[in-house]
Amino acid sequence: MANRSLGLDEPLNQYLQQVGVREPLILQQLREATAQQELSVMRSTAEQGQLMALLIRLSGARRILEIGTYTGYATLWMAQALPEDGLITTCDISTTWTDVAQQFWEKAGVSERINLKLAPALATLDALLSEDAAGSFDVVFIDADKVNYTAYYERSLQLVKAGGLIVVDNTLWGGDVIDPANQEPSTCAIRALNQLLHEDPRVDIAMLPMADGLTLVRKI
């Protein structure tokens, strides 16, 4: 995980931030607040958040599911891109981090567009499926614990509508996915999902070398 896109040195990363990203002040402030948090490396990059916002506007998405909230930086990018009647359901288990998130959501005036579910994500996803939410989401963003990535993906594929988008973060995992000596559970889980996505006839895919690897998945 990293707070810059893989392969970019610092001068090129600074140039990208200067001319390629339009980060609103409230998001700058949240990024700076997140830098003070434990595991701040988990924050999405600004260019990734901007891409998510653009995809939401292009698709006209109204209902978003986010698996993994952290301090809500990506959430805020997406919420600001939604129409006023849009809604993000976001899943996390930590009030330490989501308390930070909620402060900034309220300051940005988008808290009514965000439904925070504090519970294990698989339990939240299964509850949504039991409530007949299958096919009701326009976009799903997966960025939580890696060992459950395949389980998150399979449930997300049920919850997203046909033609909808699933975005999977960390699919290049700092380059560790190509290191055969790395057999850590999280690394193996990402490899397994990447292979599944490559072979899955239910979807179209595009893996982007942005941030820590970002795979776009369109449900056919």
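Table for the structure above
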{"quantity": "Number of the exception - Asp212 against (1) touching a helix residue (DSSP H, G or I) at 6+ places or on another chain (Cβ under 8 Å); (2) among the charged types (D, E, K, R); (3) farther than 24 Å from Trp77 by Cβ", "calculated": "(3)"}
{"quantity": "Residue, nearest to Val110 (Cα to Cα), within the stretch 35-50, restricted to residues that are open to solvent by 40 Å² or more (accessible area, probe 1.4 Å) and part of a helix (DSSP H, G or I)", "calculated": "Gln50"}
{"quantity": "Residue count for the stretch 83-92, restricted to those that are within 27 Å of Leu129 (Cβ to Cβ) and open to solvent by 10 Å² or more (accessible area, probe 1.4 Å)", "calculated": "4"}
{"quantity": "Residue that is open to solvent by less than 60 Å² (accessible area, probe 1.4 Å), within 16 Å of Ile88 (Cα to Cα) and free of Cβ contacts under 8 Å to residues at least 24 places away in the same chain, where the choices are Ser156, Ser136, Ser111", "calculated": "Ser111"}
{"quantity": "Residues satisfying the stated conditions in the stretch 21-33, i.e. exposed (fewer than 11 other Cβ atoms within 10 Å of the Cβ) and modelled with pLDDT of 95 or more", "calculated": "Arg22, Leu25"}
{"quantity": "Ala101, sole failed condition from (1) in contact with a helix residue (DSSP H, G or I) (Cβ under 8 Å, 6 or more places away or on another chain); (2) assigned to a strand (DSSP E or B)", "calculated": "(2)"}
{"quantity": "The stretch 1-16, subset surrounded by 14 or more Cβ atoms within 10 Å (Cβ to Cβ) and assigned to a helix (DSSP H, G or I), residue modelled with the lowest pLDDT", "calculated": "Asn13"}
{"quantity": "Single residue of the stretch 139-153 satisfying the filter (buried (at least 20 other Cβ atoms within 10 Å of the Cβ) and either among the charged types (D, E, K, R) or at pLDDT below 95 (or both)) that is nearest to the chain's Cα centre (by Cα)", "calculated": "Asp143"}
{"quantity": "Subset of the stretch 51-67 (residues that are open to solvent by less than 10 Å² (accessible area, probe 1.4 Å) and either polar (S, T, N, Q) or not in a strand (DSSP E or B) (or both))", "calculated": "Met52, Ala53, Ile56, Ala61"}
{"quantity": "Residue within the stretch 168-175 that is under 17 Å from the mean Cα position of the chain (by Cα), surrounded by 17 or more Cβ atoms within 10 Å (Cβ to Cβ) and assigned to a helix (DSSP H, G or I) present", "calculated": "yes"}
{"quantity": "Qualifying residue in the stretch 76-88 (condition: part of a helix (DSSP H, G or I), over 26 Å from Gly174 (Cβ atoms), in contact with an Asp or Glu (Cβ under 9 Å, 6 or more places away or on another chain) and polar (S, T, N, Q))", "calculated": "no"}
{"quantity": "Single residue of the stretch 24-51 satisfying the filter (in contact with a Leu (Cβ under 9 Å, 6 or more places away or on another chain) and of a type in the set (A, V, I, L, M, F, W, C)) that is nearest to Gly174 (Cα to Cα)", "calculated": "Ala46"}
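The values are calculated or read from the model by the stated rules, or taken from the named source; none is laboratory data. Because the structure is a prediction, the values reported are computed rather than measured. Ideal geometry is used to build each Cβ from the backbone, glycine not excepted, and the neighbour counts take in all protein chains shown. Surface accessibility is based on the protein's heavy atoms, side chains included, excluding ligands, DNA and RNA. Shrake-Rupley method; radii C 1.70, N 1.55, O 1.52, S 1.80 Å.
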